[in-house]
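Enquirer: Sharing a structure, written as structure tokens. Questions coming.
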Amino acid sequence: MRCFKLIVLFCGVMVSISACKDDKKVIKQTEVTFTKEGALTIVKTESDSTEIHLDIEIADTAYDIQTGLMYRDTMENNQGMLFVFDDLRERSFYMKNTRIPLDLIFIDDHKTIVSFQKNAKPLDERSLPSNAPAQYVLEINAGLVDTWGLSIGDRIRYDAQ
């Protein structure tokens, strides 16, 4: 009889343990929302009167640069993220954990556009190189570089709040 009670107790413990394994923890990712930290203007070199105005978030710390626009589901067409680096050199980005397609605009130390990476695919971890030295990188919604007719040589200016 004692052996039977031990077997029943053992089976009860095993059922309890296996039931705990079936309880999967669900971690819900909180979406990061846009926080305006400045204003940016793109000036077309073809005509100094053509300007595009954006509200921007500024990524200028190691954490902000590493995180970028990860975990976002949307971004308005009048918004972007400006990455500000301390030095001028070739840059390389990727779209890990980035859910929205983007155009990347690489900008030199004179705030002149030097290259683009258009239509970067969400969650793609392939390298997106600047192909020219850059000190700033502006990320905007995919397709806007073409929609706005941006060109190498166009310039930016920005103010942080």
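Enquirer: Give the residue, chosen from Leu138, Leu123, that is modelled with pLDDT of 95 or more, assigned to a strand (DSSP E or B) and either under 23 Å from Ile152 (Cβ atoms) or touching a Ser or Thr at 6+ places or on another chain (Cβ under 9 Å) (or both). Steps first, please.
Expert: On the way: Leu123 fails: assigned to a strand (DSSP E or B).
Going through Leu138, Leu123 in turn, just one is modelled with pLDDT of 95 or more, assigned to a strand (DSSP E or B) and either under 23 Å from Ile152 (Cβ atoms) or touching a Ser or Thr at 6+ places or on another chain (Cβ under 9 Å) (or both): Leu138.
Enquirer: Report those strands (runs of 3 or more DSSP E) wholly inside segment 1-103 carrying at least 1 residues which are modelled with pLDDT of 95 or more and of a type in the set (Ser, Thr, Tyr).
Expert: 38-43, 79-93
Enquirer: Can I ask one more? Take segment 139-161 and flag every residue that is among the hydroxyl-bearing types (Ser, Thr, Tyr) and more than 21 Å from the chain's Cα centre (by Cα). Outline the logic, then answer.
Expert: First, the residues of segment 139-161 that are among the hydroxyl-bearing types (Ser, Thr, Tyr): 147, 151, 158.
Within segment 139-161, just Ser151 meets the criteria.
Enquirer: Also: Restricting attention to segment 65-117, and to residues there that are crowded, with 16+ Cβ neighbours inside 10 Å and of a type in the set (Gly, Ala, Ser), which single residue is nearest to the chain's Cα centre (by Cα)?
Expert: The residue in question is Gly68.
Enquirer: Can you run down the residue pairs with Cβ atoms below 7 Å, 6 or more apart or on separate chains, where the first is in segment 64-77 and closer than 17 Å to Leu144 by Cβ and the partner is at pLDDT 95 or above and open to solvent by 70 Å² or more (accessible area, probe 1.4 Å)?
Expert: Taking only residues 6 or more apart or on different chains, the pairs are Arg72/Arg99.
The values are calculated or read from the model by the stated rules, or taken from the named source; none is laboratory data. Computed from a predicted model, the values in this text were never measured in an experiment. In this analysis, Cβ positions are derived from the backbone assuming ideal geometry, glycine residues included, and neighbour counts consider all displayed protein chains. Each accessible area value is taken on the protein alone, full model and side chains, heavy atoms only, with ligands, DNA and RNA left out. Shrake-Rupley method; radii C 1.70, N 1.55, O 1.52, S 1.80 Å.
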